[in-house]
Structures are given as structure tokens and as C-alpha cells.
Amino acid sequence: MKCALVTGGSRGIGRSVCLKMASMGYYVLVNFRGNREEAERTLQQIQETGGQGELLPFDVSSREQITGVLGGWIEAHPNKYIEILVNNAGIKDDGLMIFMKDEQWDQVMRTNLDGFFFTTRLVLNGMLIRKYGRIINVVSLSGLKGLPGQVNYSAAKAGVIGATKALAQEVGRKGITVNAVAPGFIRTDMTEGLNEKELQAIIPVRRFGLPEEVAHAVGFLASAEAAYITGEVLSINGGLYT
Ligand code: NAI
């Protein structure tokens, strides 16, 4: 059975990506860290639309949990193969660098950058054996442009962009593509505190994006037809920055 693993699938962009993967016929592994109730809602929505999947709770900032839970799942399911990996889980913890605490730096790097590395390395083996895979990393406008107050987050996302380009070259001949999507302002819990009315003035499309619009792009990169696109970063930002 072909599976799609979506990290941080309990809400926001991750939930929309889970639903997109289900609509493409994948058995969806809905990863989450703490919010089981919301993750169950994602799974319920998958099932309501005729899809299938299961919850796979682990903290992407913990290499022990990734190895234990995800590694354990892979070992226990030799007939299920993760064909699509969407590294979506992410956090921000903003502040000017001069005031930034060690913990703010460490946790943002661990979740956004280390999480990508340890999750992807585990899943890669199965893709290499089967000579097919799609890896899509959810990065950010911050990782391309850099945003003040987000030195930690910009560095982590830029790190994932570099890794996307490097890994794409390592595994291209094995039928695996590695791409990133870079959202601008998307209406989720992460942007809840922002003033959309004020910010939309600087966005050419004049509004925040929707999680479904990011999921649509992820679905495209995850399709078999996107086989000749790899090492690419696709901006989804309403024209805010190119
Ligand atoms: P969100 O805060 O609504 O969702 C984040 C998801 O990641 C949640 O499901 C959360 O449980 C999960 N998560 C956080 N830490 C985790 C951990 N240690 N282990 C497992 N799961 C964890 O945010 P949103 O907006 O849906 O963000 C999704 C991705 O999109 C993130 O990587 C974020 O950086 C990125 N992004 C979001 C933008 C936006 O405007 N909302 C803009 C650019 C990038």
C-alpha cells in the first residue's frame, strides 16, 4: 500500500495537505505532536471523503521519537511504503536577534531543520529501494528573503532550502524528486496574530492565502507527472516576493 506521511497534520496547511494526499488515493499517515483531538479531526475528514489513514504521533524535534515511532512503524509495516513525504511541521518563535534566547534559537532549529533531516533520512531508504519518491518541504518566504524578527526561523527555512537542492541532486537518478514550497502569508493559527487588513496592502493579490492553495501546489509536486521538477522552490505568496 502506498502511503503519504505529512508531518504536523493536525491543523492548518498540514491538514489541507493530508486531505489532498487522501484525494490522490494515498493512505495518509497524519503526524502530530500534542493535539490528538485536532489530529483525529483531520483523520475523520479524510475518512468522510472516502480516504484512509492513521495517526502517527511523534515530535519532529526529537530524534529519539522519530527513530522510535516512525522507525518502528516502518519496521512493523513491510508492505506499506511511504512514497510521499511532506515535511510540514514547523514553528516560529520571533524576536529581535539581540534579545533572542538560546532556547528560541534551539527549538526553532530543532523543529524546522533537524526535523526535516531526521524524518527524511528514515523515509529515504524505502524510496531508494523502490526507486520512486516525492519529498516536499514546506519552507517559507522568510527562508528566501529573510524577515526581521525571524533570524532563527529564516535560518532554519533557508537551511531546508539548501538541503532540498542538495538532496535533489543526490537522489535524482533514483526516481526521487525533492522540492520545496515557500508560502507567504497563509490564514492559519501561525498567522492569527497578524493584521491581515494592514498587510494585504503590500500583497499584490490583496489577501492572505488559504491552506488549500498551498496543498494544491504540494499535490502538483507530489504527482507522478511532476517527475522532471526537482530541487525547486515554488513560492505561494500572492506575488509578494519573487
Ligand atoms: P500551524 O501552527 O497551524 O501548524 C503547524 C503544525 O505543525 C501543527 O500541526 C503542529 O502541531 C505541528 N508541529 C509543530 N511542532 C511540531 C513538532 N515538534 N512535531 C510534530 N508536529 C509539530 O501552522 P501552519 O501555518 O499550518 O504551518 C505549516 C508549515 O507552513 C510550517 O512549517 C510553517 O513554518 C510553514 N509556513 C506557514 C506560513 C503561514 O503563513 N501560515 C507561511 C510560511 C510557511
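Solvent-accessible area per residue in the chain equals 48 Å², computed with a 1.4 angstrom probe and all protein chains kept. Relative to the globular-protein estimate of 2.2 N^0.38 Å, the Cα radius of gyration of the stretch 23-104 stands at 1.36.
List the longest stretch of the chain that has no exposed loop site; here a site is one of the trypsin sites (Lys or Arg not before Pro) assigned by DSSP to anything other than H, G, I, E or B, with at most 11 other Cβ within 10 Å.
In the chain, the maximal stretch lacking such sites is 1-100.
Stokes-Einstein, applied to the Kirkwood radius of the stretch 160-242 over Cα pairs at a viscosity of 1.306 mPa s and 10 °C, places its translational diffusion at 113 µm² s⁻¹.
Quote to one decimal, in nm, the extra length available between residue 196 and residue 94 on full extension: 0.36 nm per residue of separation minus the C-alpha distance between them.
Contour length minus Cα-Cα distance gives 34.9 nm.
Each helix, a run of at least 4 DSSP H residues, gives -39500 (n - 2.57); summed and divided by the residues of the chain, these come to -12000 deg cm²/dmol at 222 nm.
Taking only the Cα atoms of the chain, the radius of gyration and Dmax are 17.0, 51 Å. Within the accessible surface of the stretch 2-236, defined with a 1.4 Å probe on protein heavy atoms only, the carbon and sulfur portion equals 53 percent. For the residues 109, 1, 24, a 1.4 Å probe over the protein chains yields an accessible-area ranking, largest first, of 1, 24, 109.
Exceedance of the 19 Å cut-off in Cα-Cα distance is limited, within the set 20/165; 92/157; 92/145; 2/165; 2/131; 145/197, to 20/165; 2/165; 145/197.
Multiplying the residue separation of residue 173 and residue 145 by 0.36 nm and subtracting their alpha-carbon distance yields 7.0 nm.
The values are calculated or read from the model by the stated rules, or taken from the named source; none is laboratory data. Quick caveat: nothing in here was measured; it's all calculated off a predicted structure. Every residue, glycine among them, receives a Cβ derived from its backbone with ideal geometry; neighbour counts consider all protein chains shown. Side chains included, ligands, DNA and RNA excluded: accessible areas come from the protein's heavy atoms. Shrake-Rupley method; radii C 1.70, N 1.55, O 1.52, S 1.80 Å.
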